[in-house]
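Data first, discussion second: the structure below is written as structure tokens.
Only the coordinates and a few stated rules stand behind these numbers; no lab work does. Note that the coordinates shown come from a computational prediction; the quantities given were computed from them, not determined experimentally. In this analysis, Cβ positions are derived from the backbone assuming ideal geometry, glycine residues included, and neighbour counts consider all displayed protein chains.
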Amino acid sequence: MAAEWQVVAFPVILPWREEFWTLPLYFPDLKVGVIPGWPGQLSYQGLPLPAEAEAGGRELQGFQRGELHQWQAFKEYNQAQEDRQDDLIQAIRQGHAAAAPSPGPLPDAWHLAWQMEKMLADQEAQLVNVDRGQEWLAEILAPEPWEERQSLGPVPGIDEMVDPEMAELRYHLWRRVMAAYLQGQWTPLLLGRTARSLFLTLRGWPRWTGLRTVQIALPGCRSEKEWLQVRNSAGMMETLNKAGALLAAALTKAAGSPDLAAAALELTKFVEEILTPKWPLPSLWPWPLEIWAPDAEEGEEGGPVLCWTGAGAGVLPG
């Protein structure tokens, strides 16, 4: 990726997936938060997990259902920049005067946010195994007829139901932790299992009603052996650097052009005509990357967003 664009992984905690071996091929300067389980062979250096994230939910006990969903109180408190974050708990509790007081000293708001992020990251790591198990079951049971089930009606732009207040809390934590990298021209790269739904809930639907997307099937890899084979292939790193430069150019054009497909046309042609035919692996596995941009004609605000659609693709709502 060219230096004029800083790409930052979202969310702040990213459990390892085998498909992430593709990342350093196209994003050698990717900024990441906490990366539990990532191989040491990769050049990415993650942040240490804060001690407050390791409470495992114990400090969440004593809060009544809905008390952590008072986002407006959280936002107003943060804007005031008050010194004592214990005041936040009182602001959150303003709408629940009848709730019993929590025993013992109350944790500050960022401890709660970190604990929530850690629990959701642990859940995502487990769901990766569940997704893989579903694939195995589909292969085993393929000869058997499947019973038709009534499905829920789709919500435009969202594949998975996400609580909007929780999405805003997680986004706010990410902005706070990754603030050092959000300078100049930057864009998030959505990599978590629910990151697509989180971001669409937060910025896409219903506010980004005119969301424009274009998808590019980048050749990818899913093991260290494949990653090394691609990286060490003659001339491949120069080709990948060219793809990164074209991606940066596409982001720049997407920020100001109403025609997103035209903005990404040069990159799409390069991938199809040069990169893919030169791919050194015996089998071609596509790594689906989407570029999002708001509809400028409708007055939508926001810059371009990168989204890897492979994580959590096809998950059920709920």
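Apply 1/(1 + (r/R0)^6) to the Cβ-Cβ distance of His172 and Leu281, taking R0 = 45 Å, and write down the FRET efficiency to the nearest 0.05. Show your work: numbers first, answer last.
Details: r = 40 Å, r/R0 = 0.89.
Step by step, r from the Cβ atoms, then E = 0.65.
At 7 Å along the Cα-to-beta-carbon direction for both Glu266 and Leu127, put a label point, then send me their distance in nm to one decimal.
3.8 nm
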